[in-house]
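A short reminder: the numbers here are calculations on the coordinates, not readings from a lab. Quantities reported herein were computed from a predicted structural model and do not represent experimental measurements. Every residue, glycine as well, gets a Cβ built from its backbone with ideal geometry; the counts of neighbours run over all protein chains shown.
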Amino acid sequence: MRTLYHYPLSPFSRKVRVFMKEKHLEFDLVLENFWEKRRELLAMNPAAQVPVLKEEGRIIADSTAICEYIEETSRDVPLIGKTPIERAEVRRIAGWFNNKFYYEVSKYLLDEKVFKYLRREGAPRSEFIRAGKENIRYHLDYIGFLRRNQRWLAGDEFSLADITAAAHISVLDYLGDVPWHQNEVAKEWYTLVKSRPSFKAILADRVSGFPPSSHYDNPDF
Ligand SMILES: N[C@@H](CCC(=O)N[C@@H](CS)C(=O)NCC(=O)O)C(=O)O
């Protein structure tokens, strides 16, 4: 029995959902409104963050810790590289999106457009939204650069690097904040990710009060 406590517009939750689907693992989803800081959430994760995985009574918090745990315990196809040098590159790029991309793009746009509203923290600040929209352009070009000689972001195998980048980008695409015309190679990469069965449930996500962009679940956007 495996349960993931998640929030649909959390990029970190999405990363774990896709990762577990790629590993062909069965799991239940529990919607966690993390800003309410439920006592049960705090007991599982004192950071009061999603995602949290509960598996056979064991509790694992933090999306990276969860993915590493699954990688080490599943016998399915490796998603964090086969050799030490491959693993280093997958982790470097996943780290780029978990940290650099998150703090330069996702956090600005998500906090201002969605989480502030849910936490009743007042109106979005336009300068933060502008900064997120400006910064995403450089990250799309970086995705295009990474793919100049290879199929996926960390090499020719689909990996946690692609899952992490796509999880963050998919939330911004839901909000209509990805300027796809900026980089055709990045767009082609995301089209490939979108067509994977592991991504189907992500494209079906809907959050009341926040309708998705018109092309969000369109494979040919
Ligand atoms: N390092 C954590 C970050 C998770 C995270 O920041 N989740 C956000 C939702 S997207 C959250 O729960 N924020 C609430 C908070 O930080 O108080 C992970 O990878 O799981």
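Here's the picture: charge each Lys and Arg Cβ at +1 and each Asp and Glu Cβ at -1 in the stretch 26-114, and of THR64, LEU79, VAL30 the one pushed furthest to the positive end of that dipole is THR64.
Within the stretch 47-129, list the GluC sites (Glu not before Pro) lying in a DSSP loop whose Cβ has at most 16 other Cβ atoms in a 10 Å radius.
Values: sites: GLU55, GLU56, GLU68, GLU71, GLU72, GLU86, GLU89, GLU104, GLU112, GLU121, GLU127; in loops: GLU56, GLU121.
Passing both the DSSP loop test and the Cβ count: GLU56, GLU121.
Sorted largest first, the principal axis extents computed over the alpha-carbon atoms of the stretch 162-217 equal 32, 24, 17 Å. Kirkwood radius and radius of gyration were both taken over the C-alpha atoms of the stretch 34-93, and their ratio Rg/Rh is 1.09.
Across the cross-link table entries LYS116/LYS194; LYS23/LYS116; LYS37/LYS200; LYS54/LYS133; LYS107/LYS187, which are compared at the Cα atoms, the separations over 32 Å belong to LYS23/LYS116; LYS54/LYS133. Highest mean first, the peptides 10-21, 190-201 sorted by other C-beta atoms within 10 Å per residue fall in the order 10-21, 190-201. Averaging the sequence gap over all C-alpha pairs within less than 8 Å and six or more residues apart, then dividing by the number of residues, gives the stretch 24-133 a relative contact order of 14 percent. With q set to 0.15, 0.17 Å⁻¹, the log10 of I(q)/I(0) for the chain, from the Debye formula over equal scatterers at the Cα positions, is -1.00, -1.30.
Mean silhouette area of the stretch 121-220, derived from the convex hull of its C-alpha atoms and averaged over all directions, reads 7.1 nm². Summing charges over neighbours of ALA201, with a neighbour being any other residue whose Cβ is under 10 Å away from its Cβ, gives +3 when K and R count +1 and D and E count -1. Think of each Lys and Arg Cβ as +1 and each Asp and Glu Cβ as -1; about the Cα centre, that makes the dipole of the chain roughly 320 debye. Relative contact order of the stretch 96-169: 31 percent, from C-alpha pairs under 8 Å at least 6 residues apart in sequence.
With the largest listed first and rounded to whole Å, the semi-axes of the equivalent ellipsoid of the stretch 1-112 from the Cα gyration tensor are 23, 20, 11. Among complete DSSP H helices in the chain, those whose alpha-carbon atoms stretch at least 30 Å along the helix's long axis and whose mean Kyte-Doolittle hydropathy reaches -0.5 are 126-146.
Across the stretch 1-80, C-alpha contacts under 8 Å between residues 6 or more apart give a mean separation that, scaled by the residue count, equals a relative contact order of 35 percent. With Cα atoms as the point set, the stretch 68-184 shows a radius of gyration and Dmax of 15.9, 48 Å.
Stokes-Einstein D for the stretch 108-165 at 10 °C, 1.306 mPa s, Kirkwood Rh over Cα pairs, in µm²/s?
Calculated translational D: 119 µm²/s.
When the square roots of the Cα gyration tensor eigenvalues are ordered a ≥ b ≥ c, the ratio a/c for the stretch 58-121 is 1.5 or more and a/b does not exceed b/c, which makes its shape oblate.
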